[in-house]
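FYI, it's all coordinate maths here, none of it is from the lab. Because the structure is a prediction, the values reported are computed rather than measured. Please note: Cβ atoms are built from the backbone with ideal geometry, for glycine as well, and neighbour counts cover all protein chains shown.
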Amino acid sequence: MGIPAPSEVCGVGSSLARCRAVLRWRMRRGMREGSHDTREDGRMPPLLLAESALDARFLAATAAAAAAARRWVGSGDGMAVDAAAVAAMRAALSGVDVDGRVLVGEGEKDAAPMLHLGERFGTGAGPSVDLAVDPVDGTRLAAAGLAGAMAVMAVAPRGALLDIGPAHYMEKLVSRVPGLRIDAPLADAVARIAEARGIDAAAVRVAVQERPRNDGYVCAARAAGASVELFEHGDVERCLRAAQAGADVDLVVGIGGAPEGVLTAAGVRALGGWMQARLAPQGADEAGRLAASGRSADRVHGLDELCGDEAWLFLTAVTACTVAPGRTLQPGESWSVAPGSRR
Ligand SMILES: O=P(O)(O)OC[C@H]1O[C@](O)(COP(=O)(O)O)[C@@H](O)[C@@H]1O
């Protein structure tokens, strides 16, 4: 693993101290300013978004999407929520000084307006980046005027994000406690969390998206003695919380959206959390497309494969979102997590 980039959680703009830290870091890594060439070892150079204020541009893109979507909060019209967010996000991304590619997007799954897979964005100047994006995670929450909707994206060096291809669904396990295995009985995870926190299994809080496909996780968590929170939408918000100490949730587990899984990984990694995932096709069509694309639903992906170690997460609340213990973003408020923000 490389030397972690100096970074901070939240906020647009760089402090003088942060700029000095970036310079020191770059000198240690021996990098030339503005260089995006492949290094001698064949790896891409680090993605230094903050030093060129590109982080602010990406955060502005989620802010623009959220602002446009807010017009439709409570309207009952989820398509309008998504369409407004997508148009605003696309416009905001067009002028960013990157050679950008949408690698992971959502629209096809819900037949919603979308940023297309493979779509290019940016001016072409600057670093080559890949994007995992959900213009609004929690579209139906926003349409119903409920909390938990956000405009969100992960940005990483080209090739660093897991290319999920035609996958729509993914099994996820997210926690603050390292070493949990998605292919082990859920009782093991509950026991390890209880041990790590010095609490009884009954005090371990597991969040599961309420879907028939997730009934088995609910039964297993309850059988292990844990307490289960069922939620309707918005697994990104809960996964981010589960990755942080002191949160109201210890573990998020179950099958949810695959794109959300990839962009969640960027935040989980940067916050020092733990995540494993595997593609989980729902139905023969998705399974067939996955197999035809050469992807396996058996393979367990850790954070290295999901997002690498240089991915950023950017988000803006469409409706109120609690992204960290004691940190509720009000509509329009933004938050970013830079690589190495571990705390
Ligand atoms: O609603 P489905 O099809 O079960 O998919 C689950 C996914 O949908 C969501 O609940 C909402 O996502 P969108 O608002 O982007 O549609 C995600 O949080 C979750 O990962």
Neighbour-count order for 335, 274, fewest beta carbons within 10 angstrom listed first
274, 335
Between residue 291 and residue 330, what is 0.36 nm times their sequence separation minus the Cα-Cα distance? Round to one decimal in nm.
9.9 nm
On the formula 1/(1 + (r/R0)^6), with r taken between the Cβ atoms of residue 200 and residue 320 and R0 of 35 Å, the FRET efficiency rounded to 0.05 is 0.65
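Given Cβ point charges of +1 (Lys, Arg) and -1 (Asp, Glu) and nothing else, what value in debye, to the nearest 20, does the dipole of region 211-332 about its Cα centre take?
With Lys and Arg at +1 and Asp and Glu at -1, about 100 debye.
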Cut-off 17 Å (backbone N to label point 7 Å along Cα→Cβ of residue 181), residues of region 251-283:
275-278
Listing 121, 58, 314, 231 from the residue with the fewest other Cβ atoms within 10 Å to the one with the most, what is the order?
231, 121, 58, 314
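Fewest Cβ neighbours within 10 Å first, please rank 59, 54, 146, 263 accordingly.
Exposure proxy ranking, most exposed first: 146, 54, 59, 263.
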Inter-part distance where region 193-219 and region 59-96 are each reduced to a Cα centre, Å
34
FRET efficiency (residue 123, residue 71; Cβ distance; R0 25 Å; to 0.05) is 0.35
Assuming 0.36 nm per residue, please report the length gained on full extension of the stretch residue 188 to residue 248 beyond their Cα-Cα distance.
19.6 nm
Provide Rg over Rh for region 169-306; use the alpha carbon set for both Rg and the Kirkwood Rh (inverse mean inverse pair distance).
0.96
Between residue 53 and residue 94, what is the spin-label point distance in nm, taking each point 7 Å from the Cα along the Cα→C-beta axis?
2.2
